[in-house]
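We did not get these values from a lab; they are worked out from the coordinates using the rules stated. These numbers come from a predicted model, not from an experiment. Ideal geometry is used to build each Cβ from the backbone, glycine not excepted, and the neighbour counts take in all protein chains shown.
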Amino acid sequence: MRHLLSTEDLCKDDAVRILDTAEEMAAVSDREVKKLPVLRGRTVVNLFFEDSTRTRISFEAAAKRLSADVINFAAKGSSVSKGESLKDTAQTLEAMGADAVVIRHWASGAPARLAASGWIDAAVVNAGDGTHEHPTQALLDAFTMRRNWARINGTASLGTDLSGMKVAIVGDVLHSRVARSNLWLLRTLGADVTMVAPPTLLPVGVAKWPCTVSYDLDETLATGPDAVMMLRLQGERMNAAFFPSTREYSRRWGFDDSRLKALDSHGLKGTIIMHPGPMNRGLEISAAAADSPRSTVLQQVRNGVSVRMAALYLLLSGETHTAPATIQEAQR
Amino acid sequence: MTATAPHEATAYLVKGAAIGDGAATDLLIRNGVIAETGTGLSAAGATVIDAEGLVAVPGMVDLHTHLREPGREDAETVETGSRAAALGGFTAVHAMANSSPVADTAGVVEQVYTLGRKAGWTDVRPVGAVTIGLAGERLAELGAMADSRARVRVFSDDGICVHDPVLMRRALEYVKAFDGVIAQHAQEPRLTDGAQMNEGDVSAVLGMTGWPAVAEESIIARDVLLAQHVDSRLHVCHVSTAGSVEIIRWAKQRGIKVTAEVTPHHLWLTDELVRSYDPVYKVNPPLRTDEDVQALRAGLADGTIDIIGTDHAPHPSEAKECEWAQAAMGMTGLETALSVVQHTMIESGLIGWDDFARITSLMPAQIGRLQDQGQPLEAGSAANITLIDPAARWTVEPNKMATMGRNSPFAGRELPGRVVATFYQGHPTVLDGSLNTPRTAEGE
């Protein structure tokens, strides 16, 4: 694995390897000294063209727990403001000796462009690009689901996939990089996926996606999903004729209190409620749902650090190491 | 003291070129015209060009290029663009109006026309803007441009759609006064707000804002009905979808005066290439699907689509060495058009070289009302001739091209067919596949 650009082109072996390595990393995060020396002397640059404090600090914590040096580069730009080009920025980071570039960009494909351009030798990690993909989010979601799935089945999660699991992804699928990355990864790991959204917030072409499409959240809940992932509704969608009003959206596609009760009446004891954050409480998810024992929102945040540690470690440690052995050695 | 010859002083005898799909023939070129055709011709003092195995077609005419001058001389100039045109086999090119300043006055179109005459590589015919500043609000002085030395007959806001139906109707009506034509860039603006690529299966996966086919088709449908209503000539630029071909076929069956163009790249490339996120594939209208490509080829073969227009759109490297969303739209095309059409249309068996002459010369000259272009290769015709070696194979290397643009989507591909010589009004602008000399204009 040279870069981590998308889950669409992530094979099952690599995906399971990242999740298994993340389990090892999670053990580190549970210790008093949350630090491994494995990336000492390596430089990780967080290159953010779009604000995202949550994702940035998660990557920053991950890199620091691996003892890497971290540089934060907030190159916030918009399509209109013409600042330094991506090429110049990349070459600058290259000249400074970056070993990995974690890039968040408002433009779909910017990380792929960076990786393929020849402007830079560093490993590129996609930390969210436009409405394309957000692979580490999907990995942390899969990690969270795998742990819950293993707990329900009474097995260990290490080495397993998500075969047999049913996942509903609900909300603005059209503009969601989280939905896309989750779809590909969940399929790779053997889960069944249902996308639930208003027809206006599904892309033309969704019929070719390897998932079921539903316009009706209640019907989907009645089919007994094992995980329900609510997507954040972006403010700029609210006045662009995608739906009549936020109240109507919330009534039809929000995870409200009555739907929380419906999980109980359907007898779905193990079903978890997920959200990538930040949540719009009262819009796509009610406070009761967000704070219920079913909610995995904070587990997701915690697991995010472990998964990102795993990704950085596997990208930067190179082929000369075998992952678990090195980690175990370092843990001694 | 040297006398300036009114015409090319040298006579040329082209020996043994196949005229389109016809038999090998000699062509004697003298005083800017084809003086004689036949077999076994000889002429004292004429420079003989051995054209055995070559195909001769009337000099190619491009109704759609962007030469960028005035204003964006960092992207292309009339000089460099017309060198590229000559090398591509073109004896006339229309330069679109989206320069800076916009070609919306007699002054600007005369400037472009004069630059073309001075360059002398090809006949540069300015296209006039339909609306002032391409703003889509008020008609530009179309009559003044028509009456200028540039004798503009093609008017277009290309790059931007004349989307106001009343303005489009008026423009279609008004240009009848001087036998003009409105060349429409069919793109419904609201349906394509922020559009990055064809809307379909690939855009869904890539997470890019889609440019739906309906945004093109709905404008074409409206415009052919407007053209019918006011009995005017409409030309549709760069048709890119199967549905557009159907609408134009329907309109022609009803006798509506509509002509249509397709670019070489839309005859071959599809939106699958966008998966690379390489902006060299970013173009407007966007690359579509293989189903569209096949419909465009069929439409071109059956005459529904009348002509090839390259939409040659050079950009400086920084406009493409960036994120897809930041990149400029457009591809170079002048130096690859012949080869791409040979590959997609001739070698696929859809058309022959006579059809090639029709879609690259006769029809575009007729649409643009160019009197001395697009004439059959017979005695008395203006000597605008392109000699092609159909057996040649070459690999596209953008940095070896005459255009300043390096944004060729065909870079690295091996293509068939090569322009061996281009005669522009009797003067060889290209010989042996290389630039020769520009033609010295009469009285200048």
Only Lys, Arg (+1) and Asp, Glu (-1) charged, at Cβ; chain B dipole about Cα centre in debye = 680 debye
Once you wrap a convex hull around the alpha carbon atoms of the range B:362-444, what is its projected area averaged over all directions, in nm²?
-> 7.5 nm²
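So if we plug the beta-carbon distance of A:Met1 and A:Ser265 into 1/(1 + (r/R0)^6) with R0 = 51 Å, what FRET efficiency do we get, rounded to 0.05?
0.70
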The ratio Rg/Rh over the Cα atoms of the range B:29-161, Rh being the Kirkwood inverse mean 1/r radius, stands at 1.10
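Partner chain Cβ atoms within 10 Å, averaged over the residues of B:318-328 - can you pull that number for me?
What the average comes to for B:318-328 is 6.
So if the hydrodynamic radius of chain A is defined as the Kirkwood radius over C-alpha pairs, what does Stokes-Einstein give as its diffusion coefficient at 37 °C and 0.692 mPa s, in µm² per second?
Translational diffusion coefficient: 161 µm²/s.
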Per-selection metrics, the range B:59-367 (Cα): Rg and Dmax in Å | 17.8, 51
Computed about the Cα centre, the charge dipole of the protein assembly as shown from +1 Lys/Arg and -1 Asp/Glu charges at the Cβ has a magnitude in debye, to the nearest 20, of 2120 debye
Expressed as a whole-number percentage, the relative contact order of the range A:135-299 with C-alpha contacts under 8 angstrom and at least six residues apart is 22 percent
Under 23 Å from the Cα of A:Lys34, which lysines turn up, not counting those fewer than eight places away in the same chain?
-> A:Lys64
Which pairs in the list A:Lys12/B:Lys282; A:Lys208/B:Lys282; A:Lys35/A:Lys87; A:Lys12/A:Lys166 are over 22 Å apart, alpha-carbon to alpha-carbon?
-> A:Lys12/B:Lys282; A:Lys208/B:Lys282; A:Lys35/A:Lys87
On average, how many beta carbons from a partner chain sit within 10 Å of the beta carbon of a residue in A:174-181?
-> 2
Gaussian network model of chain B, springs between alpha carbon atoms under 10 Å - residue of B:Ala86, B:Ala183, B:Ala11 with greatest fluctuation = B:Ala11
Order of A:Phe73, B:Phe90 - criterion: other Cβ atoms within 10 Å of each residue's Cβ, fewest first = A:Phe73, B:Phe90
From the residues A:Val44, B:Ala251, B:Ala92, which one has its Cα farthest along the dipole of the protein assembly as shown in the positive direction, the dipole being from +1 and -1 charges on Cβ of Lys/Arg and Asp/Glu about the Cα centre?
-> A:Val44
Top of B:Glu291, B:Glu173, B:Glu216 by mean-square fluctuation, Gaussian network on chain B, Cα under 10 Å | B:Glu291
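What FRET efficiency comes out for the pair B:Asp193/B:Ala135, r = Cβ-Cβ distance, R0 = 22 Å, nearest 0.05?
After rounding to 0.05, the efficiency reads 0.80.
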What does the highest-first list of B:98-107, B:416-425 look like by mean Cβ count within 10 Å?
-> B:416-425, B:98-107
Between A:Ala90, A:Gly254, A:Ala290, whose Cα lies farthest towards the positive end of the dipole of chain A when Lys and Arg beta carbons carry +1 and Asp and Glu beta carbons carry -1, centred on the Cα centre?
-> A:Ala290
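Considering the convex hull of the alpha carbon atoms of the range A:7-78, report its projected area averaged over all viewing directions, in nm², one decimal.
That works out to 6.2 nm².
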Check the straight Cα-Cα distances from B:Lys257 and name the lysines below 29 Å, setting aside those fewer than 8 residues away within the same chain.
-> B:Lys176
Compactness of the protein assembly as shown - radius of gyration and Dmax, Cα, Å | 30.9, 105
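Just rank A:Glu94, B:Glu79, B:Glu188, fewest to most, by other beta-carbon atoms within 10 angstrom.
Fewest to most other Cβ atoms nearby, the residues stand as A:Glu94, B:Glu188, B:Glu79.
How big is the dipole moment of the range A:103-242 about its Cα centre under a simple scheme where the beta carbon of each Lys and Arg is +1, that of each Asp and Glu is -1, and everything else is neutral? Debye, nearest 20, please.
240 debye
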Among B:Asn407, B:Asn436, B:Val340 the positive-end extreme of the charge dipole of the range B:331-444 (Cβ point charges) | B:Asn407
Cα centroids of the range B:280-346 and the range A:246-285: how far apart, whole angstrom?
-> 47 Å
For B:Met197, B:Met96, A:Met1, B:Met363, ascending order of other Cβ atoms within 10 Å (fewest first) is A:Met1, B:Met363, B:Met197, B:Met96
Ellipsoid semi-axes in whole angstrom, largest first, where each is sqrt(5λ) of the Cα gyration tensor of the range B:185-279 = 28, 14, 10
Of the convex hull drawn through the C-alpha atoms of the range A:135-299, the volume per residue in Å³ is 104 Å³
Using a 10 Å cut-off on Cβ to Cβ distances, tally the other chain neighbours for every residue of A:202-211 and report the average as a whole number.
-> 4
